[in-house]
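Data first, discussion second: the structure below is written as structure tokens.
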């Protein structure tokens, strides 16, 4: 016991008296990585695996501190060979983390004007409310920074301008594309009848059907926003970041679409260059007229 207390005293003395600036930065970065890892695995089955792995690390440290050689040897072998197991177990979370890192690199996007954005918001709002009143199921995915080509390739390519009648017609019962998802990129309906991966979360209500699980599933691995209309109840729901918001009315629906489309008007390098080019051309036209 005296040896244990002495070791603990030395440990805490080193923490308090010896750290330099680079040590503080090192601790900060490690803590940040652990925090992000916890956030990525929160409310997933991987969170239980992570907790078990942390317990193994603590048990290994304690066994070394207490001089339990055999137990420490066993735990260290498990930890040393556990890296490959962790990569396999955390494959969805690692993929999601890498996608988060790469989202900021996509600069070339169509820049909707304010009038065009307002038109699209109105068209989608009216069509979704119409589908909800008639209790026609719908699944509409709005692509953000993370590309959805893998899902687009499972459907039928359309590349059509967003319009209310088009969306209503796609989801009309007994039509070829009504069972799949519609994927919208900026002001275009890129594809319809798309197949999405279902969420495997165990925290979802059993009342939610395949359409809702598919909508939540695509938001767990991408930054897409999804609108879902229940075929049984006509309830409008929104999925974002693996979370589901239900019972949306016209006001909340309009606000959600405004967040999607008005944010897309944020200037990018291509948008700024295009605006400058238009200004120069307009100025030259005025000079020629004079």
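Here are the numbers:
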quantity: Count of the range 247-270 residues which are outside any helix (DSSP H, G or I), surrounded by 14 or more Cβ atoms within 10 Å (Cβ to Cβ) and modelled with pLDDT of 90 or more; calculated: 1
quantity: Which numbered condition residue 165 misses (of (1) surrounded by fewer than 15 Cβ atoms within 10 Å (Cβ to Cβ); (2) within 22 Å of residue 217 (Cβ to Cβ); (3) modelled with pLDDT of 90 or more); calculated: (2)
quantity: Given (1) outside any helix (DSSP H, G or I); (2) closer than 14 Å to residue 144 by Cα; (3) touching a strand residue (DSSP E or B) at 6+ places or on another chain (Cβ under 6 Å), number of the condition residue 223 does not satisfy; calculated: (3)
quantity: The range 163-185, residues that are under 15 Å from residue 214 (Cβ atoms) and either assigned to a loop (DSSP other than H, G, I, E, B) or not assigned by TED's automatic domain parsing to the domain that holds residue 197 (or both); calculated: 171, 177, 178, 179, 180
quantity: Residue match in the range 173-182 (condition: exposed (fewer than 14 other Cβ atoms within 10 Å of the Cβ), touching a strand residue (DSSP E or B) at 6+ places or on another chain (Cβ under 8 Å) and farther than 11 Å from residue 196 by Cα); calculated: yes
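The values are calculated or read from the model by the stated rules, or taken from the named source; none is laboratory data. Everything quoted here is computed from the prediction, not taken from an experiment. Ideal geometry is used to build each Cβ from the backbone, glycine not excepted, and the neighbour counts take in all protein chains shown.
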